[in-house]
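The values are calculated or read from the model by the stated rules, or taken from the named source; none is laboratory data. Source: prediction; values computed, not measured. Please note: Cβ atoms are built from the backbone with ideal geometry, for glycine as well, and neighbour counts cover all protein chains shown.
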Amino acid sequence: MCIPPPNVTGSLHIGHALTVAIQDALVRWHRMRGDQVLWVPGTDHAGIATQAVVEKQMWKERGVRRHELSREDFLREVWQWKEAKGGEICEQLRALGASLDWDRECFTMDAGSSVAVTEAFVRLYEAGLLYRNHQLVNWSCALRSAISDIEVESRPLSGRTELLLPGCPTPVSFGFLLSVAFPVDGEPDAEVVVGTTRPETLPGDVAVAVHPEDSRYTHLHGHWLRHPLTGQLLPLITDSAVQPHVGTGAVKVTPAHSPADAEMGARHGLSPLSVIAEDGTMTSLCGDWLQVVPDSVLPHPLGAPSSSPSPSHFLVSLEASHFHHCHFPQGLHRFVAREKIMSALRERGLFRGLREHPMVLRLCSRSGDVVEYLLKSQWFVRCREMGDRAAKEARKSFLSFKTTSEATCPIREAHVQEGKPCLKPLFPPGCGVGGPGAEPLLPPEELAALVFPHWGLVYLPAIVVGPSDSSLPGHGGACKDPDVLDTWFSSALFPFSALGWPQKTPDLARFYPLSLLETGNDLLLFWVGRMIMLGTQLTGQLPFSKVLLHSMVRDRQGRKMSKSLGNVLDPRDIISGVELQKKDFPHGIPECGTDALRFTLCSHGVLGGDLHLSVSEVLSCRHFCNKIWNALRFILKVLGEKFVPQPAEELSPSCPVDAWILSRLALAAWECERGFLTRELSLVTHALHHFWLHSLCDVYLEAVKPVLSRSPRSSGPSQVLFSCADLGLRLLAPLMPFLAEELWQRLPQRPGCTAAPSITIAPYPSAHSLEHWRQPELEQRFSRVQEAAQTLRALRATYQLTTARPRVLLQSPEPGEQGLFQSFLEPLGTLGHCGAVGFLPPGTAAPTGWAQAALSGTLQVYMELQVTGGDRRGRGGIWKNVGRKGRALRMEKMEALSRLQRPEPSLPVLRQGLVDPQTHLPLLAARRHKLQKQLDSLLAQAPLEGVAETQMQQRLSSLQLELSKLDRAASHLRQLMEESPDPGELKP
């Protein structure tokens, strides 16, 4: 397995921590099972992102921009920055407990990766899958580079919205629809009105299109229109792709800046007209009126009065961007030109209105600038053929894979990338250079021989295509292409390049293809799809047989964790805690520890919805870790220094409670094994949490404390405690490696066997080896005992019995039910925080002065509240002091054990008992008043929907149930007051 190489643009965030927690848990589990495991670490050079961050740092620290340095000097800056940041990422991975094979650490721009990129490029070109063409690409004007789809964020706008963009000192408005009239040539009063959300692209319009069956324009078929800005003739074309019910039913066609328009233009033989340059300014094709002149205007909100700042002011504002070095532009900034275009339309009387309009705005995630579609001569990879082949192989291996789009552009106009093995030919446009049918001048083997290093990057001098070989004597007619490969290209090779491909290394033969790929679901197409396609194409087999996708971690506002958004949370802040106030954590973050963070992250379902991580959730898990720590301290104290563990297979429980906890331990092992096999780690965390907290700590440790306090002590519970600690920690080790290792090392060793030096290589408990401990029927019986204990604790809480230990009677007409509780009477009293527990014969009247609760349709539970007269005469004032003197309590328990089979329910009741009705009734009333106010407040709230409504209904039901219990308790206490005689009336 390989780690998805994190971008070396900074430190890891919680999303990376989720990946590491899941992968490391799986890796550690396989190691403990005895499997041979390889987990390869690595980092990605993250081309444009790294370039942008380094350039920001240079500008901030030294006031230097990238364009002021040579490529070599800038790359030297990048490598220095990478060494610092790469070390920080490794430190974070170690803090998260990642048990990676650090000897195989790699970087997507090291020598081995560069060789793999070169080989992949040559093979794809030789197979006809890589070609050069003039096509639309996603273009970031701020970065002056093509960007991938994953770097484009689509922001929906419900209406007019103002955004502050790089290079623009004032906000720019979006979310509006401008209506423009195109006059019909030869018909003075006729016009076609079209709507546009991007007025700055109007100079690039080459036609207007309508639907062929739209009756509003049938009479204009074949007519020509006048461009509203230039007056040039444009054809009115008909195309079925036009939606007649949207807007006016007429659309302008701008093939150079819209994919849909480019397809329509190709169908009708229209030539594209590029009017936006790489730097976001208007090209000279727009005319001199959209070039920089002294009276140029800056962008301002729509409808605001125009201003005319000086050209130097405009230049300074453009240079405020940290993403590129702006020389004086040849044309107006496109958003400056927008205002000038709208003013011109008004002056010519062709402006037909402006209204709010919902739209989706495409923004560059790296710079925040609006992404433009620009026609660029770039290298493209044919994805259809590779995708079909990969999908076929995936179906054979039951791996679902979706074929990607027809072609993708792997090229970036950046410095921090893998150089592609190609040169830009020095030939004018139209000479047949590039394209699907072009032929290479240099054969692939000669091409590969021309590789040379360049400050850690590999730039290859070229697939050069021209009219004749003689045009390049000694390759002197070509220059090095400054564009570079997208970082996705090298990262797509990572599963096999990290193992030494294209060389036939032992690691490649032994570990490829990978057993599993685990990553976030947001990378399914962008990274997983690329790996499957290139892996199948270049190695002849799928790079991995299984893909495990986890949820995306989001912040409190539901946004993806992103460095560009500034909502990244360093995992170390949660692990070690921070006192300084952060934006989302005004009171700081408490120290939670690595194990708590890992366990919390793994507790969320792998294929569930987005993960909204809460620090309070991690803090709760830290308390769970403390619970485990304290449980082991108690167990080690019980075991003592002379304890000798028995082999697990020889352990035989001596009492039903011991048998129950061993059965629960075997069940936990089975559930953990099932969770790891299905890679549903939430099942594992739930099983471990339930065993350690609810079975071992809350039930078994409490139930056996009276047994452990006796002398001489039975050896059975001690052996059971050791097995629970040993096997429980080994079950926990893949998820909580630090806590499990620390506590496991403190356990005594079994005699006659060599202990593993670390829990990381100790055998993981198998469900099969513990199957003989499973007793489902016993667990079902004991669950009834736990229900009875909960009922007793609820009665104690209702009557506010804080320290007293009242006697308990169980009554049932079913003989089998009495037999069910017979062997668990002592644990029931202990878990219910009560005194002695006995049985009330069937048909016997309910004792007076005892609280009653129904456990089921047949079982009744009675708890002593006041002492009967007979008890008073027999034990003096013991019940008056119960709960205050431990000696009196122990005496009561011993006497009660001998008399519980002969209750005296008919004797008169004294008020001096466990509960004084006159004292407790006001307390119950105050509590009821408080709960009633909460209920009334909830009922007065406005109706809710969805999950909020469900939660409110649950809260309402809980309050109503608690109020009902209080009412019954108050009624019972009033009845006791009425039935009890005055103590003075009782004669001694």
Looking at (1) hydrophobic (A, V, I, L, M, F, W, C); (2) under 20 Å from Ile22 (Cα atoms); (3) outside any loop (DSSP other than H, G, I, E, B), find the lone condition where Val704 falls short.
(2)
Mind checking whether some residue in the stretch 11-30 is basic (Lys, Arg) and surrounded by fewer than 23 Cβ atoms within 10 Å (Cβ to Cβ)?
no
Top-ranked residue of the stretch 159-200 - restricted to ones that are of a type in the set (Asp, Glu) and in a strand (DSSP E or B), ranked as farthest from the chain's Cα centre (by Cα):
Glu191
Report yes if some residue within the stretch 59-75 is among the aliphatic types (A, V, I, L, M) and crowded, with 22+ Cβ neighbours inside 10 Å; otherwise report no.
no
Would you call Glu617 outside any helix (DSSP H, G or I), out of contact with any strand residue (DSSP E or B) (no Cβ under 7 Å at 6 or more places or on another chain) and either in the same structural domain as Leu735 (by TED's automatic domain parsing) or surrounded by fewer than 22 Cβ atoms within 10 Å (Cβ to Cβ) (or both)?
no
Would you please name the residue that is surrounded by the fewest Cβ atoms within 10 Å (Cβ to Cβ), looking only at residues in the stretch 125-181 that are farther than 26 Å from Glu356 by Cα, of a type in the set (A, V, I, L, M) and touching a Phe, Trp or Tyr at 6+ places or on another chain (Cβ under 9 Å)?
Ile150
Do we have Trp39 as buried (at least 17 other Cβ atoms within 10 Å of the Cβ), aromatic (Phe, Trp, Tyr) and at pLDDT below 85 here?
no
Ser711: passes all of (1) hydroxyl-bearing (Ser, Thr, Tyr); (2) outside any helix (DSSP H, G or I); (3) surrounded by 16 or more Cβ atoms within 10 Å (Cβ to Cβ) but (3)
Condition check for Val117: crowded, with 21+ Cβ neighbours inside 10 Å and more than 22 Å from Pro571 (Cα to Cα):
yes
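Criterion first (β-branched (Val, Ile, Thr), within 23 Å of Met109 (Cβ to Cβ) and part of a helix (DSSP H, G or I)) does Val20 satisfy it?
yes
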Ala703 passes all but one of (1) touching a helix residue (DSSP H, G or I) at 6+ places or on another chain (Cβ under 8 Å); (2) of a type in the set (Gly, Ala, Ser); (3) farther than 18 Å from Leu667 by Cβ; (4) modelled with pLDDT under 95; which number fails?
(3)
First in the stretch 355-370 and over 25 Å from Arg144 (Cα atoms), second anywhere and of a type in the set (Lys, Arg), Cβ under 8 Å, 6 or more apart:
Glu356/Arg160
Number of the condition not met by Ser766 [criteria: (1) more than 43 Å from the chain's Cα centre (by Cα); (2) among the polar types (S, T, N, Q); (3) in the same structural domain as Glu742 (by TED's automatic domain parsing)]:
(1)
